[in-house]
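Asker: Here it is, the structure, as structure tokens.
The values are calculated or read from the model by the stated rules, or taken from the named source; none is laboratory data. Small disclaimer: the values here were computed from a predicted structure and weren't measured. Every residue, glycine as well, gets a Cβ built from its backbone with ideal geometry; the counts of neighbours run over all protein chains shown.
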Amino acid sequence: MALVICRHPRAAATYLADTIEAAIRDQDRIAIGLATGRTSAAAYDQLVRRHHCDPTLSFRRVTAFNTDEFVGLSGDDPHSSRYYMNRHLFHHIDIRLENTHVPRGDAVDLEAACRSFDYALQAVGGLDLVVLGLGHNGHVGFNEPGSSIRSKTRVVDFTESTLAALSDGNRFETLGETPTQAITMGLGAILAARHVCLIATGIGKANAVHRMFDGKPGPAVPASLLRSHQQLTIIVDQDAASTLKQEPDDTRRA
Ligand code: GLP
């Protein structure tokens, strides 16, 4: 496990963008798992700029799998992950849209939507790299506390703390308009990725970062389960790292 402590959020986004760019340039075809959210979008914005400055950074051979989508929202809904990803990344790069997979939160048969997402993941041989954000309660994707290490893509109910975080005015204006469920990629597919990269910035994530590292890993803090992964990179800024009691052996500064 490598912990990278960056001077500020922008440096963390740059480090993540560098990691994604290197992975894309390194492999002929690559399957990447992508989180939605402001922290990861800061890195996507940088990738868009780099692609426009240097078209040799091409996404033609990338297949993307988003980690989650809200149940009940269609891709046209500005609150959906599909809309968010199109707006922040997919519509500004040369990725083939048919190679972008976001779970269908508006499917009539949600179970079938989950199976078809997992089927597409299997068809490419799993993820080479997965980019994750961090929820305030330690969730990754929308694998809420209590999620199994072997879980597959499935429908999950939000915990109260996630509902409160989602309805804080940034993603949704009110609790009433906040969906109560999501489809999330399971921890099984996340942990099977060859490289897991998690980014968390800001003082608001400090407690979740602390809980991810301190104590025994367990399902109460889903992100702590990542610690068993062979190739895990955690990118934080100084604020998010501020409550860490002990830094891992492989701690770098950027
Ligand atoms: C939600 C999403 C994740 C995202 C996380 C962090 O929990 N399910 O995909 O990574 O939020 O979002 P943000 O970066 O906006 O804090």
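Asker: Quick test for you: out of ALA41, ALA113, pick the one residue that is closer than 14 Å to MET185 by Cβ, of a type in the set (A, V, I, L, M) and assigned to a helix (DSSP H, G or I). It would help to see each step written out before you state the result.
Answerer: Values: ALA41 fails: closer than 14 Å to MET185 by Cβ.
Only one candidate qualifies: ALA113.
Asker: So, in the stretch 137-161, exactly how many residues are in a strand (DSSP E or B) and in contact with a Cys (Cβ under 6 Å, 6 or more places away or on another chain)? Full working, then the answer.
Answerer: We begin by selecting, within the stretch 137-161, every residue in a strand (DSSP E or B); these are 140, 143, 154-157.
If we keep only those that are in contact with a Cys (Cβ under 6 Å, 6 or more places away or on another chain) as well, we get 154.
The qualifying residues number 1.
For every residue, the table says whether it meets (1) surrounded by fewer than 18 Cβ atoms within 10 Å (Cβ to Cβ); (2) assigned to a helix (DSSP H, G or I); (3) without any contact (Cβ under 8 Å) to a residue 60 or more places away in the chain.
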| residue | (1), (2), (3) |
| --- | --- |
| ILE20 | no, yes, no |
| GLY33 | no, no, no |
| ASP45 | yes, yes, yes |
| GLU69 | no, no, no |
| SER74 | yes, no, yes |
| PRO103 | no, no, no |
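Asker: Can I ask one more? Among the residues of the stretch 119-131, is there at least one that is without any contact (Cβ under 8 Å) to a residue 24 or more places away in the chain, closer than 17 Å to PHE65 by Cα and not aromatic (Phe, Trp, Tyr)? Spell out the reasoning first.
Answerer: If we filter the stretch 119-131 for residues that are without any contact (Cβ under 8 Å) to a residue 24 or more places away in the chain, which is where we start, we get 119, 122-123.
Remaining after also requiring closer than 17 Å to PHE65 by Cα: 119, 122-123.
From what is left, the residues that are not aromatic (Phe, Trp, Tyr) are 122-123.
Checked against the condition, which is being without any contact (Cβ under 8 Å) to a residue 24 or more places away in the chain, closer than 17 Å to PHE65 by Cα and not aromatic (Phe, Trp, Tyr), the stretch 119-131 yields at least one hit.
Asker: Here are the criteria: (1) within 16 Å of the ligand (Cβ to nearest atom); (2) on the phi > 0 side of the Ramachandran plot; (3) at pLDDT below 95. Tell me which single one ASN170 does not satisfy.
Answerer: Condition (2) is where ASN170 drops out.
Asker: So is SER40 modelled with pLDDT of 95 or more and buried (at least 17 other Cβ atoms within 10 Å of the Cβ) or not?
Answerer: Details: modelled with pLDDT of 95 or more: yes; buried (at least 17 other Cβ atoms within 10 Å of the Cβ): yes.
Here the answer is yes, as SER40 does meet what is asked.
Asker: Related question: Under the condition of being in contact with a helix residue (DSSP H, G or I) (Cβ under 7 Å, 6 or more places away or on another chain) and more than 15 Å from the ligand (Cβ to nearest atom), which residue from the stretch 60-75 is farthest from PHE142 (Cα to Cα)?
Answerer: By that ranking, first place goes to VAL62.
Asker: Please tell me if PHE65 is part of a loop (DSSP other than H, G, I, E, B) and touching a residue at least 24 places away in the same chain (Cβ under 8 Å). Write out each step before concluding.
Answerer: Values: part of a loop (DSSP other than H, G, I, E, B): no; touching a residue at least 24 places away in the same chain (Cβ under 8 Å): yes.
No, not satisfied.
Asker: I'm trying to understand the selection: among the residues of the stretch 119-149, which are away from the ligand (no atom under 14 Å from the Cβ) and over 17 Å from GLY33 (Cβ atoms)? Reasoning before the result, please.
Answerer: Narrowing the stretch 119-149 to residues away from the ligand (no atom under 14 Å from the Cβ): 119-129, 146, 148-149.
Within the stretch 119-149, GLY146, SER148 meet the criteria.
Asker: Determine whether VAL209 is buried (at least 22 other Cβ atoms within 10 Å of the Cβ), assigned to a strand (DSSP E or B) and in contact with a strand residue (DSSP E or B) (Cβ under 7 Å, 6 or more places away or on another chain).
Answerer: Working: buried (at least 22 other Cβ atoms within 10 Å of the Cβ): yes; assigned to a strand (DSSP E or B): no; in contact with a strand residue (DSSP E or B) (Cβ under 7 Å, 6 or more places away or on another chain): yes.
Here the answer is no, as VAL209 does not meet what is asked.
Asker: Among the residues of the stretch 47-63 satisfying the criterion of being among the aliphatic types (A, V, I, L, M) and surrounded by 21 or more Cβ atoms within 10 Å (Cβ to Cβ), which is nearest to ALA107 (Cα to Cα)?
Answerer: VAL62
Asker: Scanning the stretch 152-163 for residues that are within 16 Å of ALA223 (Cβ to Cβ) and surrounded by 21 or more Cβ atoms within 10 Å (Cβ to Cβ), which turns out farthest from the ligand (Cβ to nearest atom)? Spell out how you get there, then give the answer.
Answerer: Pass one, the stretch 152-163, residues within 16 Å of ALA223 (Cβ to Cβ): 156, 159, 161-162.
Now restrict to residues that are surrounded by 21 or more Cβ atoms within 10 Å (Cβ to Cβ): 156, 162.
Numbers: VAL156: 10, THR162: 7 Å.
Checked the stretch 152-163; the qualifying residue farthest from the ligand (Cβ to nearest atom) is VAL156.
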